[in-house]
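Accompanying notes for the structure given below.
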There are 2 protein chains.
Amino acid sequence: MDDKIAKIIFQPSGRRGEVSKDITIIEASRKLGADIEALCGEKKVCGKCKVRIEEGYFEKYGVDSKKSHVSEWQEEEEKFINDADREAGFRLGCVAKVHGDLLVFVPEESRAGKQVVSKAARDIHIEHNPAVKLYYVEVEKPSFEEPTGDFERICAELEKQYGLKDLKIDIQTLRQLPGALRKGDWKVTASVWMDQEVIRVQPGQQETSYGLAIDIGTTTVAAYFCSLSTMEVLDTVSMMNPQCKYGEDVMSRITYHMMNEGGLETMSADIIEALNTLIEQAVAGTHPPRKKVKKKKGEEGPDEFIEVPEEGKTYLRLSKEDIEDITIGCNTAMHHILLQLDPEHVGMAPFPPVIHHSLNIRARDLGININPSSYVFVLPNEAGFVGADNVGVLIAEEPYNKEEIELIIDIGTNGELVLGNKDKLISSSCATGPALEGAQLAYGMRAAPGAMERIKIDPETHEVDYKVIGRDAWRSFSEPKDMKAKGICGSGILDLLAELYKAGIVAKSGVFNKKGQKSERFRKNADTGRPEFVLAWAEETSIDKDIVVTQKDVRQIQLAKGALYAGCKLMVQRMGIDKVDKVKIAGAFGTHVDREKALIMGLFPDCEIEKITSVGTAAGDGCRAALLNREKRVEANWVSRNVEYIELTVEPNFQQEFMEAMQLPHMTDEFPHLKDLVPEDILNQ
Amino acid sequence: MDDKIAKIIFQPSGRRGEVSKDITIIEASRKLGADIEALCGEKKVCGKCKVRIEEGYFEKYGVDSKKSHVSEWQEEEEKFINDADREAGFRLGCVAKVHGDLLVFVPEESRAGKQVVSKAARDIHIEHNPAVKLYYVEVEKPSFEEPTGDFERICAELEKQYGLKDLKIDIQTLRQLPGALRKGDWKVTASVWMDQEVIRVQPGQQETSYGLAIDIGTTTVAAYFCSLSTMEVLDTVSMMNPQCKYGEDVMSRITYHMMNEGGLETMSADIIEALNTLIEQAVAGTHPPRKKVKKKKGEEGPDEFIEVPEEGKTYLRLSKEDIEDITIGCNTAMHHILLQLDPEHVGMAPFPPVIHHSLNIRARDLGININPSSYVFVLPNEAGFVGADNVGVLIAEEPYNKEEIELIIDIGTNGELVLGNKDKLISSSCATGPALEGAQLAYGMRAAPGAMERIKIDPETHEVDYKVIGRDAWRSFSEPKDMKAKGICGSGILDLLAELYKAGIVAKSGVFNKKGQKSERFRKNADTGRPEFVLAWAEETSIDKDIVVTQKDVRQIQLAKGALYAGCKLMVQRMGIDKVDKVKIAGAFGTHVDREKALIMGLFPDCEIEKITSVGTAAGDGCRAALLNREKRVEANWVSRNVEYIELTVEPNFQQEFMEAMQLPHMTDEFPHLKDLVPEDILNQ
């Protein structure tokens, strides 16, 4: 028997095999595929890797039970293991080393793959079960007795150690294989997709793989850069959807395709380029920033200075090839344009999409520059106007697992609505337009430094207080010149209409009140003669102009909120219910949305204020869930075919409801919860 | 009940469904997936589509049994159906039309998919079960009630009518789908790969799909262009392997890769380009040839003449996209170079390939220009020096299903040997070099017009008679100037050494006999002074030079045949048998090989002459079998892992055997069957 080798069995998984002595139990567990939790990365500080050592079990191997088969007890273990547990044989997996044959019991709470809370912007529960997993194998060198091929060699080990059967391999990965095996001295880490196909082979032992969950909105694109191993969100990168230049809403892009030969290919190429830019940004964030230093004598090159990486903290230094999985959610039109599927019919009644089902497309087939054999998972579509992004919201929020009837409103350029519970789910969409995202307003802008994201108007003085992105202090606590306001973004717009209404600056009809204006902020525009209200004076801005809201702006916001409200109301009617139990607001506003303001401006039917929650970028969360847990992909396909889509525009009373919903909420039975939020005289006007 | 629709059940398959009335029974069978044989393409002339109509069976549908549910008897049917069968209800499926509900019994001999004999160069039995099959579906248009996506719509019909479940679709095909559906007025033909993935959608009903079986040899590449529906070989196209410029044998190409940065990619690009050329040639053959005609007045363009297609017979007019499947077999080194897999280790002991298992690679991933979603199936490798081409030979010949012990010799630039029967199969390879294929000889050439393919030498006069490719008449029946000989190809070379030996021109050692030469054809070369033998005088050639065989040529042929013979002998020893029951010769010689000559020159151990057969291009046949029957692909993987590869060069007596095998067979116990073939004095020399 080789005295450098020990036999180990992990229970309850039953994983077993031989390992080199003197490695830690956690390292052994990894080699044998019995993963133990290691939140701290084996720094001996989290205590999550407690295991129970059961020596003396290997009679059949002739074990000498007097000699200890693990390394000695260490001080660091005392913090996490009490005397009783120590007596029972508990050790930390990252501390205890293998000195001989062992039976190791891994308690439930120490097992990797259990329910953990992701460290994302918004915490959602995701079961750890990514589509791409890493498997480390050591294989024998070929010999005259056994001259089997490289691929068959690693397959045999992957089956023996991890039970992976009938594996396929992509041609691009197959090309890496002979080099990786020889560079790694016949020890390699294979990335396996869906336990079906080897999509990458790297020399030696690799611990972590990476992926991106991407939410492609009509206006913005956001990518969540995640570790597929720890589920951590390493970075979030976002940018404008470059297709905006072909039209701000979905319909105008579909029209662009219909009117322009090659328009579809052009728009597709633009979004693919954007995705590649985000991938580069995400990867660049793992490299040390570069600084210019003066060249030393003798160094070549035309310039006096050269760039060198700034060191200091530890950087991952990933390359694009280290991204091994991508999930994408978007509305149906964006989905079709991305994939170059004719979007014409999505824009014409009865709006059939080309496909509902999710797609696994080789990244290289889309021109997306990541690990070349990797797949892009595109979430399924519900209907022509309720797309994969809404499916993302659904698998993040799981209303189909709830008793309470939830109304989920995803506010984007297109509003998407879902209503129901575990018994039934219906969905619909309404054309909100981009006003609520900050577009089409005189001073609208996207959420970026300088954007007014919160707005308050004093009902007594009509004075305005606000906060801009990139500065913590509100206007009332700042020097005017320090504000550097530039415009209003989505969450500011949601505040704005509610505040204007509450203060009596606009009437329930949305028209500026002729009477009762209390400040010089209300004025007629010098050029047009039309009424407007100043939110920030020129001196507070970085654009040297007063930032105002115009009557036309208010109309745009009303159109948007009217479409949403009418949609919600008609769906409630369709479900045959009186009221909803819960309202969840998702969308580009992130976590900033003020639920009171949303209720006051009448985004959705009346609801108890504490039952309204913001679920932020739920579509992105859903993409992330599908990235980190492949079961969510199955769930996505199921839910996409089990939500009943309702086309609201064909409802007989749609126009009527829409017209009425343009008004701001006032004193009818419809809004019992407004009483405490808006002055009575305004509600009764 | 709709009076334009009839219900039909086909027995014994049980396929059932509704069809429009007035279509033929054969059309109905196709719609319902119960294929009936139609060799003549429904021209009513082959009589293969006989079916038995069983009316009055549909009581449950309330059938009026007095009214006939098929169209009237037609004259054309009398030729194929006798009175008794007519009485029993037999009709021709291509004649009888559906007039009402029917039960139709399809007899065994009328079923498509039964054992048929392919019309290829060599007839081999192939079960009809191609990987790519066509399915015709008619789907409902989307409506507000059912606005389901295009893909889900065709999937539902494909499942309902043909039982195809969980279908996937390639992104490129998905892009075709909305257009095809609307162009075909919601009637389309889907090409489905392995009953798993939709790889093409064409408007309307399509009857036939096409494929290529490609045998990539070290020296030549041959492609068999087949109908996947009728199994017919429409055309065979071939060309030199363009990689010959990097070296004539496998080892020199592996060396080229190792010595040249980017050499692998260059060689791969060359063979891919060759495959694309063959694809273009195959497709061009389905178009009418073009002829130049004088332009009519008013026609534009700079030239006086324009090209117009010659009409006359019917052409298929296929495009590259009509090729929907490809299978490829080649030796392991060609396999690796084609796929850009590092071939270095295939050339170094213990010669492990990168992969044994077969591969399905998207054609576009290899740059092969056919239907873009189609796959290329690459046959599996047995070992480093016994490749997918040998697997092709095996699945064509199926020695693993035989009682008799067969020795299969595939003669190419590399000789591949298989020995065994249903109990055990062993394989090996030997470096024959390209001499037997016509390369490396003073006047060697490939099999092309002008090549001497048969040679006879009169033992009395040493006069030479021969036949060239492209001319039926032998030299002895022709005017000298009509022969236009250019050189000697493979099958001529096989004849040559045997004839030289039998006539006493060379001795058993291969050296030209100094004594006993009977004609001026034996001479010393004017320049070199070395002995040579004239096969064709300058006046008989198109090259104005005597075509001769030199002592060096004879040595080359001896080296090649010696390698083969030694290999065979060592394998027979390894199997522990005395003699083989059968010898099969495969290789580029096609069906031309003369078994007597092969025995006389000593290509393989002695065998009864009638037990030696030529199996021609068996490797190509195996590729064709895999193209037309997907089960053969499974068989190929099985056999590739169940043939034991033996490395002959490490056998202790290899050198000894090889040296001895260089000699021509003479009177030892080893060759009892030579007595009737070679004069006794020569055998006893």
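The values are calculated or read from the model by the stated rules, or taken from the named source; none is laboratory data. Everything numeric in this text was worked out from a predicted model, so none of it was measured. Here the Cβ positions follow ideal geometry from the backbone for every residue, glycine too, while neighbour counts run over all protein chains shown. With ligands, DNA and RNA removed, areas are computed over all heavy atoms of the protein, side chains included. Shrake-Rupley method; radii C 1.70, N 1.55, O 1.52, S 1.80 Å.
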Quiz prompt | Listing of the stretch A:163-182 residues, each with accessible area lower by at least 10 Å² in the full protein assembly than in the chain alone (probe 1.4 Å) | solution = A:Ile169, A:Ile171, A:Leu174, A:Arg175, A:Pro178, A:Arg182
Quiz item: What is the set of long-range amide H partners of A:Ile323 at a cut-off below 5 Å, with H atoms built 1.01 Å from backbone N?
Solution: A:Asn371
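Rank by packing, highest mean first: peptides B:490-501, A:362-373, A:642-653, with packing defined as the count of other Cβ atoms within 10 Å averaged across residues.
Peptide ranking by packing, descending: B:490-501, A:362-373, A:642-653.
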Self-check item: Test item: B:351-363 mean partner chain Cβ contacts at 10 Å
Solution: 6
Practice problem: Provide the per-residue ³J(HN,Hα) series for the stretch A:344-352, in order, calculated from phi with Karplus coefficients 6.51, -1.76, 1.60 and θ = phi - 60°, each as a whole number of Hz, with x at glycine and proline positions. | Solution: 4, 6, 5, x, 10, 3, x, 6, x
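Please report the net charge: other residues with Cβ closer than 14 Å to the Cβ of B:Arg182, K and R +1, D and E -1.
-1
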Quiz item: Roughly what % antiparallel, to the nearest 5, for the DSSP beta bridges in chain B?
Solution: 70 percent
Practice problem: Take every DSSP beta bridge with both residues inside the protein assembly as shown and express the antiparallel ones as a percent of the total, to the nearest 5. | Solution: 70 percent
Quiz item: Leaving out ligands, DNA and RNA, what percent of the accessible area of chain A is carbon and sulfur, probe 1.4 Å?
Solution: 48 percent
Exercise. Answer with one residue from A:Gly392, A:Ser428, A:Gly347: the one whose Cα lies farthest towards the positive end of the charge dipole of the stretch A:318-445, charges on Cβ with Lys, Arg +1 and Asp, Glu -1.
Key: A:Gly347
Practice problem: Note the direction-averaged projected area, equal to a quarter of the hull surface, for the Cα convex hull of chain B, in nm². | Solution: 40.3 nm²
Quiz item: Which value, in debye to the nearest 20, gives the size of the charge dipole of the protein assembly as shown about its Cα centre, when Lys and Arg are +1 and Asp and Glu are -1 at the Cβ?
Solution: 1740 debye
Quiz item: Across peptide B:144-157, what mean number of C-beta atoms from other chains lies inside 10 Å of a residue's C-beta?
Solution: 5
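Can you give me the Rg/Rh ratio for the protein assembly as shown, using Cα atoms for both radii and the Kirkwood formula for Rh?
1.05
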Quiz item: Label-to-label distances across copies for A:Glu660, with labels 7 Å out along Cα→Cβ, in nm, shortest first?
Solution: 10.6
Quiz item: Check A:Gly17: other-chain or 5+ apart residues with amide H under 5 Å from its amide H, H built from backbone geometry?
Solution: A:Ile8
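Which of rounded, prolate, oblate describes the stretch A:589-685, given a ≥ b ≥ c as roots of the alpha-carbon gyration tensor eigenvalues and a/c under 1.5 marking rounded, otherwise prolate only if a/b is larger than b/c? Present the calculation step by step, with values, prior to reporting the outcome.
Values: a/c = 3.42, a/b = 1.68, b/c = 2.04.
Oblate, since a/c reaches 1.5 and b/c is not below a/b.
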Self-check item: Rounded to whole Hz, the Karplus (6.51, -1.76, 1.60) HN-Hα couplings of the stretch B:3-10, x for glycine and proline
Solution: 7, 9, 10, 10, 9, 9, 10, 9
Quiz item: If the label for A:Thr613 sits 7 angstrom from Cα along the Cα-to-Cβ line, what are its distances to the same label in every other copy, in nm to one decimal, shortest first?
Solution: 7.6
Self-check item: Gap separating the Cα centres of the stretch B:188-260 and the stretch A:327-367, nearest whole Å
Solution: 32 Å
Quiz item: Between the stretch A:665-685 and the stretch A:124-144, what's the alpha-carbon centroid distance in Å?
Solution: 60 Å
Quiz item: For chain A, what is the accessible area per residue in Å², given a 1.4 Å probe and the full set of protein chains?
Solution: 43 Å²
Practice problem: Leaving out ligands, DNA and RNA, calculate the buried accessible area for the pair A and B with a 1.4 Å probe, summed over both sides, in Å² to the nearest 100. | Solution: 3200 Å²
Self-check item: Label distances, nm, A:Val45 versus same residue in remaining copies, Cβ-directed 7 Å point
Solution: 8.8
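Set the Förster radius R0 to 41 Å, insert the Cβ-Cβ distance between B:Ser68 and A:Asn637 as r into 1/(1 + (r/R0)^6), and round the FRET efficiency to 0.05.
Efficiency for this residue pair is about 0.25.
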Practice problem: Work out from phi, with θ = phi - 60° and the Karplus expression 6.51 cos²θ - 1.76 cosθ + 1.60, the ³J(HN,Hα) of each residue of the stretch A:184-200, listed in order in whole Hz, and give x for Gly and Pro. | Solution: x, 6, 6, 10, 9, 10, 9, 8, 10, 8, 6, 6, 10, 9, 7, 10, 6
Exercise. Measure nothing fancy, just the Cα-based angle from helix A:250-259's long axis to the longest principal axis of chain A, in degrees from 0 to 90, nearest 10.
Key: 90 degrees
Self-check item: Check: the stretch B:529-593 dipole with +1 on Lys, Arg Cβ and -1 on Asp, Glu Cβ, in debye
Solution: 600 debye
